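See below for the structure under consideration.
The values are calculated or read from the model by the stated rules, or taken from the named source; none is laboratory data. Remember, it's a predicted structure, so these values are computed and weren't measured experimentally. With ideal geometry, Cβ positions are generated from the backbone for all residues, glycine too; neighbour counts draw on all protein chains shown. These area figures cover heavy atoms from the full protein model, side chains too; ligands, DNA and RNA do not enter into them. Shrake-Rupley method; radii C 1.70, N 1.55, O 1.52, S 1.80 Å.
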Amino acid sequence: MSKLYLVPDRKDMERMCALAAEYGCAFEYNDFYLPRVMDNPEAQAEIIADYQKHRSGFDGDTMHGAFLDVTIHSDDPLIRDASMLRVRQSMEMAKDMGLKGAVFHTGRLAGFRADGYLKNWRDRNAAFFAELADKYPGQQIYMENMFDEAPDILAGLAERMRDVKNFGVCLDYAHAMLFSKCSGREWMEALAPYIRHIHINDNDLHNDLHQAVGAGMLDWQEFDNLIRQYRIEASVLVEVSGYEAQKESLQYMKHYGIYPMERERED
């Protein structure tokens, strides 16, 4: 089955590594997207050294790249250039660490669907990320939905990028259920050919709470059924913080057979 990922806690790495080993998980690092870290090589080195105390290498791991205020499609060249710089910094860190890939956000204004705006978003992102993918062939680039009100615009970009082997969609299922009125089936159907990575966590259907899987109101049986129906093969990040919430999520997923788990046999 596809690989599971956890968000590591640098202050609790012994338990984190034991949990990851028990469930066969890799790590997705959330330490490197803040500007104060991206502009501070010493801070980066300190973080990496902390992880290296517990890991021999980062092969197979991923990271969350820059996303705060990143607007590749901006008409303002200063904003556009700064956004591109931040994404390039993320990719350079991913390459230097030997990571499998990096996750970025769509960065669209939610609900703003003016033709010119959407064309700029698609064309500029396609050109930039195609160039980036070519420069970093050893890393996967995942584009994650955030406040997107529907899957069609992201699907259009992914279709434009279909021949770029190291580019794909990261479906954040909680974001899709929170910030759009489209059903899970509509998201899966539109994006199925392009999904390479998935983020999951739970919420109350009102706020992006990042609760343990099974602790909120999302329908995980429907999620599992749709993933399998559309034959999606993707890695899955359990995007919750802390050992206890991660363990709770993995136990829930294993018990109920939520993708990529198989259901436990009952005696």
(message) If Arg228 satisfies all but one of (1) outside any helix (DSSP H, G or I); (2) under 16 Å from Tyr259 (Cβ atoms), what's the number of the condition it fails?
(response) (1)
(message) If a residue must be closer than 20 Å to Val213 by Cα, assigned to a helix (DSSP H, G or I) and either touching a residue at least 60 places away in the same chain (Cβ under 8 Å) or open to solvent by 50 Å² or more (accessible area, probe 1.4 Å) (or both), how many such residues does the stretch 175-203 contain?
(response) 2
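Just checking, which of Asp61, Asp69, Asp134, Asp123 is open to solvent by 50 Å² or more (accessible area, probe 1.4 Å), on the phi < 0 side of the Ramachandran plot and either of a type in the set (Val, Ile, Thr) or modelled with pLDDT of 95 or more (or both)?
Details: Asp61 fails: open to solvent by 50 Å² or more (accessible area, probe 1.4 Å); Asp69 fails: on the phi < 0 side of the Ramachandran plot; Asp123 fails: open to solvent by 50 Å² or more (accessible area, probe 1.4 Å).
Result of the check over Asp61, Asp69, Asp134, Asp123: Asp134.
Among the residues of the stretch 100-119, which ones are free of Cβ contacts under 8 Å to residues at least 60 places away in the same chain and within 22 Å of Thr62 (Cβ to Cβ)?
Ala102, Phe104, His105, Thr106, Gly107
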(message) Please verify whether His210 is more than 24 Å from Arg113 (Cα to Cα) and either open to solvent by 10 Å² or more (accessible area, probe 1.4 Å) or among the hydrophobic types (A, V, I, L, M, F, W, C) (or both), treating the condition exactly as stated.
(response) yes
